[in-house]
């Protein structure tokens, strides 16, 4: 049975192992993902390296988020008070159904049947577009990538770049087919595609009377709401319509404007690898003659209170939706976002979705296993969410009451390939003739021979070390392992302590260092 909080567009999605198996067979998808995530990863690393105090900023972000979560009731009441004082109206939604009903009723009260939307993870989470369509209200996405997804009758596959799985020719074909005012001779040039989208959306901006947005941050002390975006479409939605409805997860609060400063440094560098966000829009209530005349804030719980009660799992509520964890995740890079069956893909989705939706479906039950536990996501997270810790916590039998999903885990796969490599005479011979130099000139093996090719069909393999353990031992100890100077052969047992002869911890480390 599926959780009551599950979104309509994701009902009936298969478990992650089944969805991923199909996704990794799509070589074009894997190519698109590898190129895009690799580019974002490199740019982000360079942007972060510019700051000497990045670790201190990261710790500040973590502590601010934890402080808010520990005092969430206080800050929510404070926010409601300040928004109301500024002329806005606050609504409380316990779940997706209630939030959708509130928004639909507010739109219908205006007499309008169309809304323009700022990119919003919260509205994707609750399936707002589908709920509005059921009420006869058309919602138009105005973020370029979200527009591509919507016109393609598709689902987002990335938090920051929802159409990351599409290439330029795909987008051109979608625009020609679905956009009535697209030029007949539209090319796949980025400039031509952007111009076609701009002309299409400009008419929507100028005619829309109602807009719907998400919220990146809300400042409790002032009632100010903040949206960060890169194209300027958000600012058009936030200023031109007469009515603005913002849907916000209850965890998005910061105490003061000074606290906001920390996140305005963390988020751009972690998401778009920019020093400063191109468009940062803030608004506080309503002001006669300036912006919308009517403002509504919908505060969304939808499983967050239950998540907050879990001392380990609540870390997921620190998330600022930067997508850094997706761009460093080897599992996401191979499987893509759709395999996660959730609007929150990648490592953060693997811990957030099962908590806010409940583990009542095959896909949610499988998500905590959609990871190799390599730890790259934790290292990249700007608010230090220990995603591997939460994944292991969510896998615990006492919580789940069910066995692991079919297909096993990344750690199981690693054991299998390690065992196969250890048994393969050809692998040992290849090391002796310089396999690293021949098949892994860049430090990774793209294709393994023989029965091992299945491994590299869907992932890279680490290259053998430049020097084998046996060669290292012979060079540094003057003999075979176990027979070097000062150590008697293990089989004699002469004069050694119970643990003597075992390789120490440093010698045993061969994997990812975790």
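The values are calculated or read from the model by the stated rules, or taken from the named source; none is laboratory data. All values derive from a computational prediction rather than experimental measurement. Counting neighbours? That spans all protein chains shown, and the Cβs are built from the backbone with ideal geometry, glycine included.
In region 100-120, the residue that is nearest to residue 233 (Cα to Cα) out of those that are assigned to a loop (DSSP other than H, G, I, E, B) and touching a strand residue (DSSP E or B) at 6+ places or on another chain (Cβ under 8 Å) is 118.
Criterion first (within 23 Å of residue 139 (Cα to Cα), touching a strand residue (DSSP E or B) at 6+ places or on another chain (Cβ under 7 Å) and exposed (fewer than 15 other Cβ atoms within 10 Å of the Cβ)) does residue 123 satisfy it? No, not satisfied.
Considered as a group, the residues in region 146-161 that are assigned to a helix (DSSP H, G or I) and touching a residue at least 24 places away in the same chain (Cβ under 8 Å) include one that is farthest from the chain's Cα centre (by Cα), and that residue is 151. Suppose the filter is part of a loop (DSSP other than H, G, I, E, B), on the phi < 0 side of the Ramachandran plot and free of Cβ contacts under 8 Å to residues at least 12 places away in the same chain; does residue 311 pass it? Yes. For region 162-176, a residue qualifies if it is over 26 Å from the mean Cα position of the chain (by Cα) and closer than 21 Å to residue 116 by Cα, and exactly one does: 175. Filtered by the rule that a residue be part of a helix (DSSP H, G or I) and either over 10 Å from the mean Cα position of the chain (by Cα) or modelled with pLDDT under 95 (or both), region 329-350 gives 330, 331, 333, 334, 335, 338, 339, 340. Of all the numbered requirements in (1) closer than 23 Å to residue 151 by Cα; (2) buried (at least 21 other Cβ atoms within 10 Å of the Cβ); (3) in contact (Cβ under 8 Å) with a residue 60 or more places away in the chain, residue 171 misses one, and that requirement is (3).
For the residues 119, 62, the requirement of being within 23 Å of residue 229 (Cβ to Cβ) and within 21 Å of the chain's Cα centre (by Cα) singles out 119. Restricting 125, 130 to those that are in contact with a helix residue (DSSP H, G or I) (Cβ under 6 Å, 6 or more places away or on another chain), part of a helix (DSSP H, G or I) and in contact (Cβ under 8 Å) with a residue 60 or more places away in the chain reduces the list to 130. Scanning region 177-195 for residues that are free of Cβ contacts under 8 Å to residues at least 40 places away in the same chain and either within 18 Å of residue 119 (Cβ to Cβ) or not assigned by TED's automatic domain parsing to the domain that holds residue 231 (or both) yields one hit, 193.
For region 82-99, the set of residues classified as surrounded by 14 or more Cβ atoms within 10 Å (Cβ to Cβ) and assigned to a helix (DSSP H, G or I) consists of 82, 83, 84, 96, 97, 98, 99, listed by residue number.
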